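The values are calculated or read from the model by the stated rules, or taken from the named source; none is laboratory data. Note that this is a predicted model, so its numbers are computed, not measured. Reconstructed Cβ throughout: ideal geometry from the backbone, glycine too, with neighbour counts over all protein chains shown.
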Amino acid sequence: MSWSTEPVTTSSSEKTGGGLTNVNSTNRWVVIFIGPPLLLFLAIVAVPTVMALRLSFTDAHLLSDSSNWVGLENFRDALGNEHVRKSIRITLVWTVFGAIVPPVVGLGIATTLQNTSRFATFMKSALFVPIALSLVVVGQVWIWIYQPGDGLLNEVLGVVGLETLERAWLADRSTALWAVFIAWAWQQTVLAMILFLAGLTTVPDELVEAARVDGATRFQVFARVVVPLLRPVTTVVLSLIAINSLRNFDLVFAMTSGGPVRETETVPLLVHRVLFRELEQGRASAISMILFAMTLVVVGGLTWWGRRGSYVND
Amino acid sequence: MSMTESAPRTEPGVLRRRAGLIVLVIFVGVYLVPVLGVVLTSLKTNAEIAERGIWAPTGNLTLDNYFEVWRKANTSRYLINSIQVTLPAVVISIAGGTAIGYALAKLRPCGGAVIQLVVVAGLFVPPQVLLVPLFTIFSDAGLLNTLWPMILVHSAVGLSITTLVMRNFFDQIPDTLRSAAIIDGANEGQVFLRVMLPLARPALAALATLQFTFIWNDFLYPLVFTTGDDVRTVMLGLLAVQGQFTVAFGTQAALAVIASVPTVLIFIVFQQHFVRGLLAGAVKG
C-alpha cells in the first residue's frame, strides 16, 4: 500500500478510507472536526468582512437605521480627503521604515550575539522580555522617556551638553511621529532579532567554513552566504513586521491618541475616529477596506519575493 | 572589518568577541534601562518621584504602590476579567484550529483547500475591518459591556494562525499512524485524541504561548466593546489608571508590572515555543 509516502489525492484517500471505514462515517467526522470552529470563524470573521465590504458602498451611520447605496462615493471621498491621504502616507512611511529599521538592527545584533559566551546566552533571554510586554506598557515607558520635564531623553541630552535639543518630544509636531516610531521599533527589533537568531542556527557551519577557506572575507561570507540562506526567515520577519506596521493602533493610541493635531493618526486610528466620533459606518468601512487592500498588496509582494528566491542563487 | 583578512586566525576571533561584548552592553542598556525603570518606579513613593524625577536611580524602596493600586483601583476585577477572556479564547482557538488542521491534513475532505484558504486569509484582515460590523452585531445582541465580544473575537480570529500551524504540523505525521490505529479498531475521534494530540504537544505549546501573549496584551477589542469599569481587562484598566492617577507614576508603574507578570513569566519559561510558533506559522504560509 502506498498511502504513507505520496500526498494522496481526494479520490484515492476516499478509496483508502473506504477500505478501512466507510466514506459516510469519514464525512461525519469531517463535519464534527471542521463544523463548529468553521461556523465560529464564518460568523465572527468571514461574514463580517463581507458585511464591511457591503457597508463601504453605503452611507450607513451608527445613529440611523436605514442606509442608502452610494456606490464608490466613500472611496472617492476618502482618497480625495487630505486627512485620509495623510493617514495613508503616515502608515506607508511607517511600513517602509518598519521594514528597514527593526530587521536591519535585529539582524546585526543577532549576528553579533550568535556565538558569544554562556553569559551572553543568559543575557539574550533577559533581552527577550520586551516582546512579552503589551504595547500599553511599552507606550507608558516611552512616554516617561520622552517626558518634557524629567524624561530620560531630555536628562541624557542635558548631561552630554545638548540642552538645546530638549523638547516635549510627543507634543512637538515635528518629532511626535518619529518618537512613537522609535518606541515601536524598540520592541519590533527584538522580534526580528529572536527570529534571526533562530534562523542563524539553520545556516550550516560547513558552508561558512568552505567560503572562508576559499578566501572570502567575513563580510563577503555574511552578504553572499548567510543573508541568502536567511531568505525564508527574512520573509517571515518582514511579513510579521509589515502586518504589525499596517495594523498599528495600540501604541499610537496609548502614546498620543493620534495627536498632536492628527500628526500621528495612522489609518487604524482614523478608522476608529470616523467610526466612534463621527459615527459614519460607511466611510469607516471604506477606509478599513483601503487598509485591507494595502495589507494584501504588501504581504502579497513579500510572499512573492520570498518564493522567487527560495533557491540560493541570484 | 577588512583587517581580519590577513590577520592571524586568533586575532579576529578576539576582536569579534570584543565587538560582540560592546554591542551586547549597548543593547542591554537600551533594553534593560526602560524595563528596570518601570520596576524601580513602582517601588518608589509618588512623593519621591515628584521631587527627584522618574528616572532618579535611588530612593527608598516600598511596596506601597502595589497596595494602593490594589485597594483604590479595580485591579483584582481587571485581572479576573483578563483571565476570563484569555483562557477560554486560547483554548477555543487552539482546539478549533487543531481540529480543522487535523481534518484537512488527514481526512482530506473535498473542498479542503477552499476551507483552508478562507480560514488562513483571516491573517490578513485588519481588525478595523471587523470592528465596524461587529460593533453593530454585538450591540444588537446586547453583548456590549460584557466579556463575550472579546472571547468570541479572539477565539475566532485566532483560528487563522492555529489552523495554519496545525495543518502544517499534521502534514508531517505519516498517514500510516492513523490507518494502523483504525485497523486496530479505533474510530476517528479516538485516533485524534489518543494518537495525534499527544504527538502534537510541542506545536500546541508553541501556539498556547503565542495566543496567550497576544490575547492578554490586546486592548483594542475591550476598548471598543466595553465602557464600564467592571468589564475592563487589565490592559484597558492600565490605560484607565493612567488617566485616573495622572501624576501618580509609582501607582501606574505598579499596575504595569502586575499586568506584565503573566506574559513575561510565560515567555521566559516557553521562549523556545514562542519562536517555533512564529516560524511554524509562516514557513509554509
Over the stretch B:16-34, the set of residues under 15 Å from residue A:152 (Cα atoms) and either among the charged types (D, E, K, R) or touching a helix residue (DSSP H, G or I) at 6+ places or on another chain (Cβ under 6 Å) (or both) is B:31, B:34
The helices (runs of 4 or more DSSP H) lying entirely within the stretch A:19-114 that contain at least 1 residues which are acidic (Asp, Glu) and within 12 Å of chain B (Cβ to nearest Cβ) are none
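In the stretch A:196-207, is there at least one residue being within 27 Å of the chain's Cα centre (by Cα), under 23 Å from residue B:34 (Cβ atoms) and in contact (Cβ under 8 Å) with a residue 12 or more places away in the chain?
yes
Condition check ((1) in contact with a His (Cβ under 9 Å, 6 or more places away or on another chain); (2) within 7 Å of chain B (Cβ to nearest Cβ); (3) β-branched (Val, Ile, Thr); (4) at negative phi) across all residues:
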{"site": "A:245", "(1), (2), (3), (4)": "no, no, no, yes"}
{"site": "A:252", "(1), (2), (3), (4)": "no, no, yes, yes"}
{"site": "A:260", "(1), (2), (3), (4)": "no, no, no, yes"}
{"site": "A:284", "(1), (2), (3), (4)": "yes, yes, no, yes"}
{"site": "A:290", "(1), (2), (3), (4)": "no, no, yes, yes"}
{"site": "A:294", "(1), (2), (3), (4)": "no, no, no, yes"}
{"site": "A:298", "(1), (2), (3), (4)": "no, no, yes, yes"}
{"site": "A:306", "(1), (2), (3), (4)": "no, no, no, yes"}
Those residues of the stretch B:60-110 which are β-branched (Val, Ile, Thr) and not in a loop (DSSP other than H, G, I, E, B) amount to B:69, B:75, B:80, B:83, B:85, B:86, B:90, B:91, B:92, B:94, B:98, B:100
Counted residues in the stretch A:219-230 being buried (at least 18 other Cβ atoms within 10 Å of the Cβ) and within 13 Å of chain B (Cβ to nearest Cβ) come to 2
Being modelled with pLDDT of 85 or more, basic (Lys, Arg) and loosely packed, with under 14 Cβ neighbours inside 10 Å narrows A:277, A:283 down to just A:277
May I ask you to verify whether residue B:156 is surrounded by fewer than 22 Cβ atoms within 10 Å (Cβ to Cβ) and at pLDDT 90 or above?
-> no
Counting only residues that are at pLDDT below 80, more than 7 Å from chain A (Cβ to nearest Cβ) and not in a helix (DSSP H, G or I), the stretch B:1-44 contains a total of 4
Residue count, the stretch B:101-128, condition surrounded by fewer than 17 Cβ atoms within 10 Å (Cβ to Cβ) and in contact with a Ser or Thr (Cβ under 8 Å, 6 or more places away or on another chain), comes to 2
Among helices (runs of 4 or more DSSP H) entirely within the stretch B:203-285, at least 3 residues that are without any contact (Cβ under 8 Å) to a residue 12 or more places away in the chain and surrounded by fewer than 20 Cβ atoms within 10 Å (Cβ to Cβ) occur in B:249-283
| For the stretch B:118-131, does any single residue satisfy the condition of being more than 9 Å from chain A (Cβ to nearest Cβ) and not charged (D, E, K, R)? | yes
Per the filter on the stretch B:133-159, residues in contact with a Ser or Thr (Cβ under 9 Å, 6 or more places away or on another chain) and without any contact (Cβ under 8 Å) to a residue 60 or more places away in the chain are B:133
For the stretch B:215-225, the count of residues that are more than 10 Å from chain A (Cβ to nearest Cβ) and out of contact with any Lys or Arg (no Cβ under 7 Å at 6 or more places or on another chain) equals 3
Check your understanding: of a type in the set (A, V, I, L, M, F, W, C) and within 15 Å of the chain's Cα centre (by Cα) - does that describe any residue in the stretch B:164-182?
Key -> no
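Could you identify the single residue in B:143, B:131, B:79 that is surrounded by 22 or more Cβ atoms within 10 Å (Cβ to Cβ) and more than 26 Å from residue A:26 (Cα to Cα)?
The unique qualifying residue is B:131.
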Being away from every other protein chain (no Cβ under 12 Å) and either touching a Pro at 6+ places or on another chain (Cβ under 6 Å) or not aromatic (Phe, Trp, Tyr) (or both) narrows B:80, B:49, B:100, B:54 down to just B:80
All-but-one check, residue B:263 against (1) over 29 Å from residue A:196 (Cβ atoms); (2) of a type in the set (Ser, Thr, Tyr); (3) within 8 Å of another protein chain (Cβ to nearest Cβ), failing number (1)
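Is it true that residue B:165 is within 12 Å of another protein chain (Cβ to nearest Cβ) and under 30 Å from residue A:52 (Cα atoms)? Spell out how you get there, then give the answer.
Details: within 12 Å of another protein chain (Cβ to nearest Cβ): no; under 30 Å from residue A:52 (Cα atoms): yes.
Considered against the rule, which asks whether it is within 12 Å of another protein chain (Cβ to nearest Cβ) and under 30 Å from residue A:52 (Cα atoms), residue B:165 comes out as no.
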Boolean, residue B:225 is in contact with a helix residue (DSSP H, G or I) (Cβ under 7 Å, 6 or more places away or on another chain), within 30 Å of residue B:142 (Cα to Cα) and assigned by TED's automatic domain parsing to the domain that holds residue B:103 = yes
Filtering the stretch A:185-216 for residues that are more than 27 Å from residue A:127 (Cβ to Cβ) and crowded, with 17+ Cβ neighbours inside 10 Å leaves a count of 2
